[in-house]
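Here's the structure, in structure tokens; my notes come after.
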């Protein structure tokens, strides 16, 4: 048995990565091309045994003070319980990095340390294997921090298992039924509102960027630039879903008017029955209920007319998101919502669209991506995602190993002195 560390072709890499249980968009040839267009150098590397790839990673590097930072984000795609395999892979990466002025190697595995229910109670046992194997291989470990980041893949995420839905006779029905109470309620509202979903073309990305920038400005975080979204569109092709939820005001108002007029007839009928039986309290309660619903439709019509006039157009974007698909995962990556249209619940409709695409492609895992890791009710993003009935995951953290020990010691000291 002979194993060798080699650079792989895109076909070799993707064939292996797409079938790996820890595979994600971060470990694809498309992501390697994206990084290359964003200023990184990249290589698809792996261990090959008897012409079969047994471990692989997208290896990327970029200049920093005193050398190059080498990084494997979302990898390695490897059996972390096999110390020998990990040692051989790391040795291959180190040799490659030394020949390319490597300063240090940072690995952020797509491995789950612990899983939690919606109350933050741990589910099952912790996965210690990656920490044990990588520290034995000479890495320094930093556990997954709580909180938010827009500069790296998240340490905490919220996910949903779609295998029960895929096994159902009526997958669409099973999907809706699998959601939590809040998710079902708001999706029923989007059905009533007639929210339309539209997958975007490249020519629509300027509008998508306007939406995400609006949201970033409102919530005070840094958004990706337009070029990034264009590169994602180009490199991930059919696996990239840029989606808008849109409100058609004339259609919405017509639907609300029809519901209002029907309720007016119901209330009039109840008035006639109450006149005949004035002491029948059940009829009076029904009338009050239907009259209140009638008022709600009147209110929605008035609000929509104001919003339509303000927008100066009949159809408006209310929310949008970017999703990326791989063989085993649909991931919710970036999104935006126009605050003035939040009462139309567009984000729920966008999520269901992506869920349906995952089901159609027989993708077994849905990844809502980042949450803060705090379960005290303060994380509104977590609350939204919980509406779709999944569970939380804490990743294993970050691992760093010097490539050039003396230079890395000086680099680390300088960073500390500079407070970075």
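None of the figures in this text is laboratory data; all of them are computed from the coordinates on show. Since the structure is predicted, the reported quantities are computational estimates derived from the model, not experimental observations. No Cβ is skipped: glycine too gets one built from the backbone with ideal geometry, and neighbour counts run over all protein chains shown.
A few remarks follow.
- Options (i) 27; (ii) 16; (iii) 10 - which one matches percent of Cα pairs over 41 Å apart as calculated here: (i)
- Placing a label point 7 Å from the Cα of residue 50 along the Cα-to-Cβ direction, the residues of segment 1-42 whose backbone N falls under 13 Å from that point are 1-3.
- Calculated FRET efficiency, residue 271 to residue 174, Cβ-Cβ distance, R0 = 51 Å: about 0.75 to the nearest 0.05.
- Per-residue ellipticity at 222 nm, computed for the chain from helices alone with -39500 (n - 2.57) per DSSP H run of at least four residues, works out to -14500 deg cm²/dmol.
- Order of 81, 155, 178, 24 - criterion: other Cβ atoms within 10 Å of each residue's Cβ, fewest first: 81, 178, 24, 155
- For the chain, averaging the sequence separation of C-alpha pairs within contact (under 8 Å, six or more residues apart) and dividing by the residue count gives a relative contact order of 25 percent.
- In plain terms, the chain from residue 37 to residue 306 could stretch by 92.4 nm, reckoned as 0.36 nm per residue minus the Cα-Cα distance.
- Which of 58, 90, 266 has the fewest Cβ neighbours within 10 Å, and the rest in rising order: 266, 90, 58
- In percent, rounded to a whole number, the relative contact order of segment 258-302 is 52, using alpha-carbon pairs under 8 Å and six or more apart.
- With the simple spin-label model, which puts each label point 7 Å out from Cα in the Cβ direction, the residue 7 to residue 230 separation comes to 2.8 nm.
- Panel values: segment 258-302, Kirkwood radius from alpha carbon pairs, Stokes-Einstein at 10 °C and 1.306 mPa s, translational diffusion coefficient 148 µm²/s.
- The chain: angle of helix 181-193 to the longest principal axis, Cα-based, in degrees nearest 10: 60 degrees
- Exposure proxy ranking, count of Cβ atoms within 10 Å, fewest first, for 84, 28: 84, 28
- In whole percents, the pair-distance distribution calculated for segment 250-326 from its alpha-carbon pairs, binned every 10 Å from zero, is 17, 32, 22, 17, 10, 3, 1.
- Segment 290-323 and segment 1-20: distance between their alpha carbon centers, rounded to Å: 52 Å
- Relative contact order (%) - criterion: Cα under 8 Å, at least six apart; region: segment 63-148: 33 percent
- Cα gyration tensor shape for segment 1-109, rounded if a/c is under 1.5, else prolate or oblate: oblate
- Label sites at residue 378 and residue 79, each approximated as a point 7 angstrom past Cα along Cα to Cβ, lie 4.3 nm apart.
- Between the helical axis of 205-219 and the longest alpha-carbon principal axis of the chain there is an angle of about 90 degrees.
- Computed from the C-beta positions of residue 136 and residue 258 and an R0 of 56 Å, the FRET efficiency is 0.25 to the nearest 0.05.
- The length gained by stretching the chain between residue 339 and residue 146 to full extension, at 0.36 nm per residue less their Cα-Cα distance, is 66.8 nm.
- Computed from Cα atoms, the angle from the helix 405-418 axis to the main principal axis of the chain rounds to 40 degrees.
- Cα centroid of segment 352-377 to Cα centroid of segment 218-248, whole Å: 17 Å
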